[in-house]
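Q: Have a look at this one.
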Amino acid sequence: MKHWAMYIGGQWEQALSSATYETINPANGQAVGTAPYGGRADAERAVAAAAAAFPAWSKRPAKERAELLHRIAARMTEASEELAELITLEMGKPLAEARGEVKIAIDYLKWNAEEAVRAYGKVIPASVEGKRLLTIRQPVGPVGAITPWNFPLSMAARKLGPALAAGCTVVFKPAPQTPGAALKLAELAEREGLPPGVLNVVTGDAEEIGGVLLNHPAIRKITFTGSTAVGKKLLRGAADQVKKMSMELGGHAPFIVFEDADLDEAVRGAMASKFRNAGQTCICANRIYVQESIAAAFTDKLKSAVERLVVGDGRDPRTELGPVIDARALEKAERHVRDAVAKGAQVVTGGGRKTDTPGFFFEPTVLTGATPDMQVMREETFGPVAPIASFRTEEEAIAMANDTPYGLAAYFYTRDLSRMFRVHEALEYGIVGCNDAVPTTVQGPFGGVKESGIGREGGPDSVADYLETKFVSIQIE
Ligand code: ADP
């Protein structure tokens, strides 16, 4: 059992109320640690610490901030295995995937460190004699960051990287299920000399901590990754103080396979997109659309691949598919399958929870005959369930793909170059994978359109969301 403490103003602290809660390994339902159950007063202390640290941190030369981030990244590299094991223990993904997550988290710190030194302003030619116009870019201020459990470390790095690089200080609230990764990161940052108050990590009551971040005037921006429902709540709450908001919300990714696609590649892609992280990523394929002429062949191949998946505890090196996060997630997958079957879908393989093991395991599942009225075709399942529908024409596929309030990621497989352009231009999504089921990379701007979010993380403009542009107009003699 690991007993975590919160990190506030450079001190390792318990909640003022002394309350704690247990974290659970979803592979067996056993408690693996405790974390403080912080509340309003703890969050207020963290905000005060972030506000106090802001003036000095924001004035530090960007080069120094960048060097510090690089050193933290190096510490993370040394601690890679420990971090990966922690992720697997707290949220269940296979160790190989956890190692991948640690690697990309390190890359997010490095990438943003490299960008920090290029927060250029501009000198703008004036239209009036004697005027000089320029812009400077300054950190937005102390930031509140809230993340989910499905990528506990890379989500943290995606937010902390650009925030700290830009000169912002941070109050960070990890998901209750996975406090370890962010707290371990804070520990490494502290050892590298990150000044007290620059990063604060608070665990506990989400509504109370979220409420402080929204209502405290010192917090100038909120960056959130999580469900669309909570994102909307935060957006409403932020209106009173017109806080800057970055939102990475839910998705409902279509995965389209055209008849000219390389079928084996498309199956490999569908496996990677759907079953990675047990189907618990916001860019996971949710709806698979296959052109009629190849639907049967695709389904057969997908079924065989799914039946070969090794399901088990993520710490076992043979495991390819771990558990879902908790009993609620298991119930949702079950509900979606039940609803689909009641509305006419057929179960090709899987279809229910695994009953022969403890923990929260759902069988990798393929459904055919999926129709738009089914929950699985409209809401994120966040589990290893792959519903397949067929389509006749390209126009029909695009219309079906766009028929959703979400707009995070979409995928399609084709070998026709013209179609590749037509389709990616027509898809109303922030991220499109053409013959590519794993588009996430630090070099690419990650984010959604429609109800999937506001802003982008990573990519060439990753630090921009944490900077304000100040326009300076100078009248000279
Ligand atoms: P999920 O269903 O994947 O857990 P959530 O959107 O509920 O997604 O959670 C994402 C993050 O948002 C978590 O850190 C959670 O604790 C936090 N959260 C949930 N409700 C609130 C709230 N009302 N205010 C602030 N944060 C919240």
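The values are calculated or read from the model by the stated rules, or taken from the named source; none is laboratory data. Remember, it's a predicted structure, so these values are computed and weren't measured experimentally. Neighbour counts run over all protein chains shown; Cβ positions are idealised from the backbone, glycine included.
Q: Quick one: Ala437 ticks every box in (1) surrounded by fewer than 23 Cβ atoms within 10 Å (Cβ to Cβ); (2) in contact with a Ser or Thr (Cβ under 9 Å, 6 or more places away or on another chain); (3) of a type in the set (Gly, Ala, Ser) bar one, so which box is it?
A: Tallying (1) surrounded by fewer than 23 Cβ atoms within 10 Å (Cβ to Cβ); (2) in contact with a Ser or Thr (Cβ under 9 Å, 6 or more places away or on another chain); (3) of a type in the set (Gly, Ala, Ser), Ala437 fails exactly one: (1).
Q: Can you give me the number of residues within region 368-396 that are within 22 Å of His424 (Cβ to Cβ) and of a type in the set (Lys, Arg)?
A: Residues meeting the conditions: 1.
Q: Here's something else I'd like to know. Do you know which residues across region 159-179 are within 15 Å of the chain's Cα centre (by Cα) and either among the acidic types (Asp, Glu) or more than 14 Å from the ligand (Cβ to nearest atom) (or both)?
A: Leu160, Gly161, Pro162
Q: Can I ask one more? From the list Val198, Val242, Val202, exactly one residue is under 30 Å from Leu83 (Cα atoms), more than 9 Å from the ligand (Cβ to nearest atom) and over 22 Å from the mean Cα position of the chain (by Cα). Which is it?
A: Criteria check complete, one pass: Val198.
Q: Same structure again: In region 1-42, how many residues are in a loop (DSSP other than H, G, I, E, B) and under 17 Å from Val202 (Cα atoms)?
A: 12
Q: Can you go through Ser246, Ser293, Ser304 and tell me which one is within 18 Å of Gly407 (Cα to Cα) and either surrounded by fewer than 18 Cβ atoms within 10 Å (Cβ to Cβ) or of a type in the set (Gly, Ala, Ser) (or both)?
A: Ser246
Q: While we're here: Might you let me know whether region 110-126 holds any residue that is of a type outside the set (D, E, K, R), more than 26 Å from Lys244 (Cα to Cα) and either in contact with a helix residue (DSSP H, G or I) (Cβ under 8 Å, 6 or more places away or on another chain) or not in a helix (DSSP H, G or I) (or both)?
A: yes
Q: Given the conditions (1) within 17 Å of the chain's Cα centre (by Cα); (2) of a type in the set (S, T, N, Q); (3) more than 16 Å from the ligand (Cβ to nearest atom), which single one is not true for Asn286?
A: Looking at each condition in turn, Asn286 falls short on (3).
Q: List the helices (runs of 4 or more DSSP H) that sit entirely inside region 174-267 and contain at least 3 residues that are modelled with pLDDT of 95 or more and of a type in the set (Lys, Arg).
A: Per the criteria, 228-238.
Q: Let me ask you something else. Return only the number of the condition from (1) modelled with pLDDT of 95 or more; (2) over 17 Å from the mean Cα position of the chain (by Cα) that Gly444 does not satisfy.
A: Looking at each condition in turn, Gly444 falls short on (2).
Q: Same structure, new question: Could you please tell me which pairs satisfy a Cβ distance under 7 Å, a separation of 6+ or placement on different chains, a first residue in region 66-85 that is of a type in the set (Lys, Arg) and assigned to a helix (DSSP H, G or I), and a second residue that is at pLDDT 95 or above and surrounded by 15 or more Cβ atoms within 10 Å (Cβ to Cβ)?
A: Arg71/Glu192; Arg75/Leu188; Arg75/Glu192
Q: Among residues belonging to region 215-243 that are of a type outside the set (A, V, I, L, M, F, W, C), within 23 Å of Glu428 (Cβ to Cβ) and touching a strand residue (DSSP E or B) at 6+ places or on another chain (Cβ under 6 Å), point out the one that is surrounded by the most Cβ atoms within 10 Å (Cβ to Cβ).
A: Once the filter is applied, the top-ranked residue is Thr225.
Q: On the basis of being modelled with pLDDT of 95 or more and closer than 16 Å to Leu199 by Cα, does Leu95 make the cut?
A: So Leu95 does not fit the description; no.
Q: Would you confirm, using the coordinates I've provided, whether Ser127 is under 28 Å from Ala31 (Cβ atoms) and surrounded by fewer than 23 Cβ atoms within 10 Å (Cβ to Cβ)?
A: In short, no.
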